[in-house]
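Right, one structure below, let's go through it.
Every read-out reported here was derived from the displayed coordinates using simple, explicitly stated rules and does not represent laboratory data. Model, not experiment: these values are computed from the prediction. Neighbour counts run over all protein chains shown; Cβ positions are idealised from the backbone, glycine included.
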Amino acid sequence: PLTVYQYGEGLARFATEPYTLDDIQGRCAHLTNYSLNKLSAGFVNDDSEASGSKWSLAAFKQRLLREVGEARASEVWRRVDDIVVKTMIGVESIMVEGMQEYLPSYARGEPNRQCFQVFGFDVMLDSDAKPWLLEVNLDPALKTDSRLDLRVKSGMLVDLLNTIGVPV
């Protein structure tokens, strides 16, 4: 069976311009992609966990908890988990087919812990704190342009390698 591990930390990115439908071409108001927003005059490159244009997910979770309360915040993260689970269920058969085709040992029923895929889930919260899946990255960027990036991404990689049996 397909096994999914969800890393508990991540990055929260924010648009650098206020959202408006008056200027639909304003990419920095409609997208939170780091590659676009880092070029914006409104981009704040701050290495702290909870300020600037990019925060740690832990800091964002604390902010959401303060703003909407424990019950609503818990419901938001339950819904995000639900999005991840349902998305992975939706692609399980494709992933199993790929493993059977490219991993002869898996096709013979032998366990395989070293075959893995890192996915990056981009989820947006609307003004009512309802999560929406924007995209799933099959090859999420692991470049580190800040100490925050390095902390979050290296921590994920260490956990990943330990999980598959490569002690770090």
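A few remarks follow.
- All other residues whose Cβ lies under 15 angstrom from that of GLY8 are scored, Lys and Arg at +1 and Asp and Glu at -1, for a net of 0.
- Annotation: amide H of VAL123 within the under-5 Å range of LEU134, sequence separation 5 or more or interchain, hydrogens built in the peptide plane.
- Separation of the LYS143 and PHE119 label points, Cα + 7 Å toward Cβ, nm: 2.5
- For segment 57-168, averaging the sequence separation of C-alpha pairs within contact (under 8 Å, six or more residues apart) and dividing by the residue count gives a relative contact order of 16 percent.
- For the chain, calculated [θ]222 nm from helices alone, where every DSSP H run of n ≥ 4 adds -39500 (n - 2.57): -14000 deg cm²/dmol
- Simple label model, 7 Å out from Cα along Cβ direction - ASP22 to TYR102, nm: 4.8
- Over segment 1-147: Kirkwood hydrodynamic radius from C-alpha pairwise inverse distances, Å: 17.7
- Helix axis angle, 70-102 relative to the chain longest principal axis, alpha carbon, degrees: 40
- Kirkwood hydrodynamic radius of segment 64-136, from the reciprocal of the average inverse Cα-Cα distance over all distinct pairs: 14.7 Å.
- Charge tally in the Cβ shell below 12 Å around LYS38, where Lys, Arg are +1 and Asp, Glu are -1, LYS38 excluded: +1
- Angle between the chain longest axis and helix 57-68 axis [Cα atoms, degrees, rounded to 10]: 50
- For ALA129, the shell of other residues with beta-carbons less than 14 Å away shows a net charge of +2, using +1 for Lys and Arg and -1 for Asp and Glu.
- Helix 147-163 and the longest principal axis of the Cα set of the chain meet at an angle near 20°.
- Separation in nanometres of the label points that stand 7 Å from Cα toward Cβ, at ARG151 and PHE14: 1.7
- Semi-axes of the equivalent ellipsoid for segment 93-168, computed as √(5λ) from the eigenvalues of its C-alpha gyration tensor and ordered from largest down, come to 29, 20, 10 Å.
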